[in-house]
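Structure first, then comments.
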Amino acid sequence: MQLEYMQAALEEAHAAASAGEVPVGAVVVLNGEIIARGQNRVLRDYDPTAHAEIVAMREAGKILGNYRLLGCELYVTLEPCSMCAGAMVHARLGRLVYAAPDPKAGAAGSVLEVLNHPRLNHQMEIIAGVMAEECGGVLRDFFRQRRS
């Protein structure tokens, strides 16, 4: 099932790229069902907080009628930044599954360790590297095209 959910997140990333956004996509899963989707919308929404993870968590919160996303899993194509990681802690996500590491801004261990810091009152399971090559390739291709 992890591959199916990550594939759905990758579809969101492709849609973001088609709209000229950095190709990052995310889905929120609860009880084996995708309940929310998100893609980067920073440029379209003129919103620095409109990262794929935040967009998906906002939608999930509206659907559940609660900002606490208890029991939910977030699948995202790129390791979250510190802003998104902080939001995940506040949302009390049960699990984060991400594809490609982010060596410049990753906050799940690549650059910072925001998630599961020992002083925080919430810990979550983290699974890294699911479809990392495919998701990372989409990002590399996007930036290669922008540079040329």
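The values are calculated or read from the model by the stated rules, or taken from the named source; none is laboratory data. Everything numeric in this text was worked out from a predicted model, so none of it was measured. Here Cβ is always computed from backbone atoms with ideal geometry, including for glycine, and neighbour counts include all displayed protein chains. Note: accessible area is taken over every heavy atom of the protein model, side chains too, but ligands, DNA and RNA are not part of it. Shrake-Rupley method; radii C 1.70, N 1.55, O 1.52, S 1.80 Å.
Just a few scattered comments:
- Filtering the stretch 1-24 to residues that are within 13 Å of M131 (Cβ to Cβ), small (G, A, S) and in contact with a Gly (Cβ under 7 Å, 6 or more places away or on another chain) leaves A9, A13.
- Number of residues in the stretch 100-148 that are in a helix (DSSP H, G or I) and open to solvent by 40 Å² or more (accessible area, probe 1.4 Å): the value is 9.
- Count of the stretch 16-42 residues, restricted to those that are more than 19 Å from R144 (Cβ to Cβ), over 11 Å from the mean Cα position of the chain (by Cα) and open to solvent by 30 Å² or more (accessible area, probe 1.4 Å), is 8.
- Evaluation of E53 against (1) within 11 Å of the chain's Cα centre (by Cα); (2) touching a residue at least 60 places away in the same chain (Cβ under 8 Å) (one fails), failing number: (2)
- Test set (1) over 15 Å from the mean Cα position of the chain (by Cα); (2) at pLDDT below 95 - L115 fails condition number: (1)
- Tabulated pairs, the stretch 67-96, first among the hydroxyl-bearing types (S, T, Y), second open to solvent by less than 60 Å² (accessible area, probe 1.4 Å) and part of a loop (DSSP other than H, G, I, E, B), C-beta under 6 angstrom, 6+ apart or interchain: T77/V24; S82/A107; S82/V114
- Leading residue by the ranking (nearest to L139 (Cα to Cα)) among those in the stretch 49-99 that are part of a loop (DSSP other than H, G, I, E, B) and open to solvent by less than 20 Å² (accessible area, probe 1.4 Å): E79
- Pair list, Cβ under 6 Å, 6 or more apart: the stretch 132-147 residue modelled with pLDDT of 95 or more, other residue β-branched (V, I, T) and open to solvent by less than 20 Å² (accessible area, probe 1.4 Å): C135/T77
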